[in-house]
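Contents: one structure, followed by commentary.
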Amino acid sequence: MRIGLIVNPLAGLGGPLALQGSDGALAATAVAKGGEPLAGQRAARALAGLEGITIRTAAGAMGADAAQAAGHRATIHHQPQSPSTPADTTAAARALCAAGIDLLLFAGGDGTARDLIGATADVPVLGIPAGVKMHSAVFATSPAAAAALLADLARGRPLRRHMAEIIDRNAGGTPMLHGLLPAPLDARRQAAKAGGGGAPDADLAAACTLLARDLADCPLAIVGTGATMLAVKQALAGTGTLLGVDAYAHGRLIASNVDERALWALVSQADQARLALGVIGGQGFLLGRGNQQLSARIVQRIGRAAITILASTEKLASLPGGRLLVDSGSERIDQLLAGQIGVLTAPRRRMMMLVAPA
């Protein structure tokens, strides 16, 4: 099996830093703030141990380094700038497809996926999730899921394809459809993020108010991202961010849009802390999509028993596979979070859901 590999070395840098992305000027900001590149590591995890494949890629951090780290020799078909640019992603994709590949594998986020539109001809594309948002349907649910899918294909399983939506946020933060790319038809590929449904239903709105009252007595409450969590923040303190993780003490906002380091400082010094999370519609993710500032060490410190999840019954019922997914960056923490959990859908009403590693 001939795999073309592209790694966006800047993908995901902004997540732990609460930048909500790593595109354009945000990438330079993330580098200046000491953002840690993780895309190459996640690509290597997806490729490690695979047999029956050959890899064609770009030089250095844009692919060859990850292939080598996974124990593969690769042929180079593109020499990127340093640092690489979106134009390098497009040029590399065209060069790899022209050289002859069966699948284009890339590690990045929605911005990287957008750069591939129109550059891959009819070659199927699979994303290794390494960005901040990853609303698009072209991604495997995790590096491990990508590895399992690739192993099946390398053993000769027929590659059936499906046109996958490429979704990215516009300048105002609203997810928008930018195009389609062919991708493997497989349950280990995530669904596209579902669009927001407007105002929450009456049951969920009441649950948000109830949780806010409960958190008002908490010495440290960490509230996650998304529209449902924004409703909790507004009920709790009258303020909060839509796309950021915010911290509250006894019902008062003490830190807005907090990055991983600042969150760790707060959580590590607290005798007890609570964490409230929403669910990404259409995907079911709790961690690892747009909230990477909630790192594995923070989640471990807070503990599973102190996590409250809110979602509407309609959103939960529509999830593929009927499960919630976690991709914390630590397989050990993902396993600790796994199992049945009650999701608050209305006052005094919970729906039991299975939490699974992505």
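The values are calculated or read from the model by the stated rules, or taken from the named source; none is laboratory data. Model, not experiment: these values are computed from the prediction. Here the Cβ is made from the backbone with ideal geometry for all residues, glycine too, and neighbour counts use every protein chain on show. Just the protein is used for accessible areas: all its heavy atoms, side chains included, with ligands, DNA and RNA removed. Shrake-Rupley method; radii C 1.70, N 1.55, O 1.52, S 1.80 Å.
Taking the accessible area of region 193-267, probe 1.4 Å, and keeping the other protein chains in place, the carbon and sulfur fraction comes to 55%. Judged by the gyration tensor of its Cα atoms, with axes a ≥ b ≥ c, region 202-358 is oblate; a/c meets the 1.5 cut and b/c is at least as large as a/b. Among the listed options [x] 16.3; [y] 18.6; [z] 26.8, the one matching mean projected area of the Cα convex hull in nm² as calculated from these coordinates is [x]. Distant-in-sequence amide contacts of residue 78, defined by a placed amide H-H separation under 5 Å and a gap of 5 or more residues or a different chain, comprise 59. Applying the criteria of a DSSP loop state and at most 10 other Cβ atoms within 10 Å to the trypsin sites (Lys or Arg not before Pro) of region 285-358 yields 348. When only Cα pairs below 8 angstrom with a gap of at least 6 residues are kept, region 117-213 shows a relative contact order of 31 percent.
For residue 107, the residues 5 or more places off, or on other chains, whose built amide H falls under 5 Å of its own are 6, 7, 8, 128.
By the scheme Lys and Arg +1, Asp and Glu -1, what is the net charge of all other residues having a beta-carbon under 10 Å from that of residue 287?
Residues close to residue 287 contribute a combined charge of -1.
Charged neighbours of residue 342, selected by a Cβ distance under 13 Å, balance to +4 (K, R count +1; D, E count -1). In the chain, the DSSP beta bridges split such that about 40 percent are antiparallel, to the nearest 5. Listed by chain and number, the lysines whose C-alpha is less than 29 Å from the C-alpha of residue 315, apart from same-chain residues fewer than 8 away, are 133, 193, 233. Scalar couplings 3J(HN,Hα) for region 241-250, obtained by applying the Karplus form with A = 6.51, B = -1.76, C = 1.60 to θ = phi - 60°, are 9, 6, 9, x, 9, 10, 10, 10, 10, 6 Hz; x denotes Gly and Pro. A simple count of charges around residue 18, restricted to other residues whose Cβ falls under 12 Å of its Cβ and scoring Lys, Arg +1 and Asp, Glu -1, yields -1. Once the Cα-Cα distance is subtracted from the 0.36 nm per residue extended length, the residue 76 to residue 151 segment shows a gain of 24.7 nm. The mean sequence distance of close C-alpha pairs (under 8 Å, at least 6 residues apart), as a share of the length of region 276-328, puts its relative contact order at 61 percent. Counting only whole DSSP H helices of the chain, the ones at least 18 Å long by C-alpha along their axis and with mean Kyte-Doolittle hydropathy no lower than -0.5 are 86-99, 202-215. Proximity of backbone amide H atoms, modeled 1.01 Å from N, is registered between residue 161 and 185 at under 5 Å, excluding neighbours fewer than 5 places apart on the same chain.
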